[in-house]
1. Among the residues of region 115-136, how many are among the polar types (S, T, N, Q) and surrounded by fewer than 20 Cβ atoms within 10 Å (Cβ to Cβ)?
2. Residues of region 210-266 being farther than 19 Å from residue 38 by Cα and polar (S, T, N, Q), which ones?
3. When you look at residue 155, is it crowded, with 19+ Cβ neighbours inside 10 Å, within 12 Å of the ligand (Cβ to nearest atom) and farther than 14 Å from residue 276 by Cβ, yes or no?
4. Select the helices (runs of 4 or more DSSP H) contained entirely in region 20-119, then report the ones holding at least 2 residues which are more than 24 Å from residue 249 (Cα to Cα) and not acidic (Asp, Glu).
5. Looking for whichever is away from the ligand (no atom under 16 Å from the Cβ), assigned by TED's automatic domain parsing to the domain that holds residue 71 and not hydroxyl-bearing (Ser, Thr, Tyr) here; the options are 105, 123, 165. Which one fits?
6. So, in region 89-112, how many residues would count as being under 25 Å from the mean Cα position of the chain (by Cα) and buried (at least 16 other Cβ atoms within 10 Å of the Cβ)?
7. Return the residues of region 383-396 that are over 19 Å from residue 228 (Cβ atoms) and open to solvent by less than 70 Å² (accessible area, probe 1.4 Å); say none if nothing qualifies.
8. Give me the pairs: first residue in region 46-60 and in contact (Cβ under 8 Å) with a residue 40 or more places away in the chain, second residue of a type in the set (Phe, Trp, Tyr) and assigned to a helix (DSSP H, G or I), beta-carbon distance under 7 Å, and six or more apart or on different chains, which are they?
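The values are calculated or read from the model by the stated rules, or taken from the named source; none is laboratory data. None of these values were measured; they are calculated from a predicted model. Because the Cβ atoms are built from the backbone with ideal geometry, glycine has one as well, and the counts that use them run over all protein chains shown. Side chains are part of the model used for accessible areas, which takes the heavy atoms of the whole protein and leaves out ligands, DNA and RNA. Shrake-Rupley method; radii C 1.70, N 1.55, O 1.52, S 1.80 Å.
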Amino acid sequence: MRHRILAIPVLLLTITASSATAQSTTVRPSDALAPTPPMGWNSWNKFACDVSEQLIRETADAMVASGMKDAGYQYVVIDDCWQVGRDSVGNILVDAERFPSGMKALADYLHARGLKFGVYSDAGTKTCQGRPGSRGYEYQDARTYASWGVDYLKYDWCSHGTQNAEASYRLMRDALDASGRLITFSICEWGSNKPWLWAGGIGHLWRTTGDIQDCWDCKRDWGGFGVVHILDLQVGLESYAGPGHWNDPDMLEVGNGGMTTEEYRAHFSMWAMLAAPLMAGNDLRTMTPEIRDILVNRDVIAVNQDPLGRQGRKVRDDGDTEVWAKELADGSRAVALLNRGATPAAVAVSWPEVGYTAGLEATVRDLWTHADVGKARGRYVATVPGHAAVLVRITP
Ligand code: GLA
């Protein structure tokens, strides 16, 4: 008798445990998207609402001609302001003056060049620029995007009223899955509801902060941040990132004119260390060779795109100087020696800080000069200019 009473809860527990496992291991085809952080270009940081099919076509051509496509950039994403209303049955209407050939033709143009097409919408009733959002039209919009050949959706969080964030993003994820097309899903909820806790399995990337600004350390009243402030907000989020699901510290400002070349190199270095999506945000048609060389630096991109998919972490904080380390698939480490201060400083990393024994001999390669700087045992030290980073790969 006693035995039978005990047997029921045990059976129930078994059933609950196995159904929970079944749910969490459900494999969706879209799970395979973004095994490494997405790379591409987005219109917002440079062009805001000044988007058009001509801009997108010229940007695609520049992405190919500049070598960016060969370096791994593939998505071309139109951010806010391409949409102007809905027709009588709710279909989203594209601005016909700015996109006279329509979105399908634009997608075809990109696909013919081996690139992928991205658009932007919003989980609430309106986008951040007051254009129609997707609230109540999720499945309809997802079907429309699929019919155009869309490969990537950035989904914002303005005008959300009392909506629940997780439920809102899950709804669009389900709509995209049902659309018949594989679409990379970029959650843009600014970190407001700690998306790193719930967005893996919903989106492939999720914003962790408010909007990036084209400056080293400025802040805006409405919640915009310079590069080093965004960097500070990534500490503690490392374990939530991995293949298929990435923390997104926002798009790149490299080349937009508000920072020095050295600051842009540091910005790009740190985004590589963070395993951040690399979405260029400058005018690719007119960028200088210096800026192009930052964006196509293959040694740095290899750190970002490393298949192990580890997000780098801060291993040392001495105020103005910091050391960040990222474990790579071949057992080597990428190490960033960051100087946030205005004057040059010597910054050192010791092997135990990156998980190596002190006596280990390792090759150190500078990923900006592309030169091996010799063998080192126990530590490496470099003089880092003000507002700059030295990025090295340490290989035992
Ligand atoms: C928000 C997002 C930005 C951009 C704008 C467009 O601010 O965070 O990245 O998409 O909206 O209006």
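1. Number satisfying all stated conditions: 2.
2. Passing the criteria: 213, 256, 260, 261.
3. The answer is yes for residue 155.
4. 53-65, 103-112
5. 105 is the lone residue from the list that is away from the ligand (no atom under 16 Å from the Cβ), assigned by TED's automatic domain parsing to the domain that holds residue 71 and not hydroxyl-bearing (Ser, Thr, Tyr).
6. Number of matching residues: 5.
7. Passing the criteria: 392, 393, 394, 395.
8. So the pair list comes out as 57/109; 60/109.
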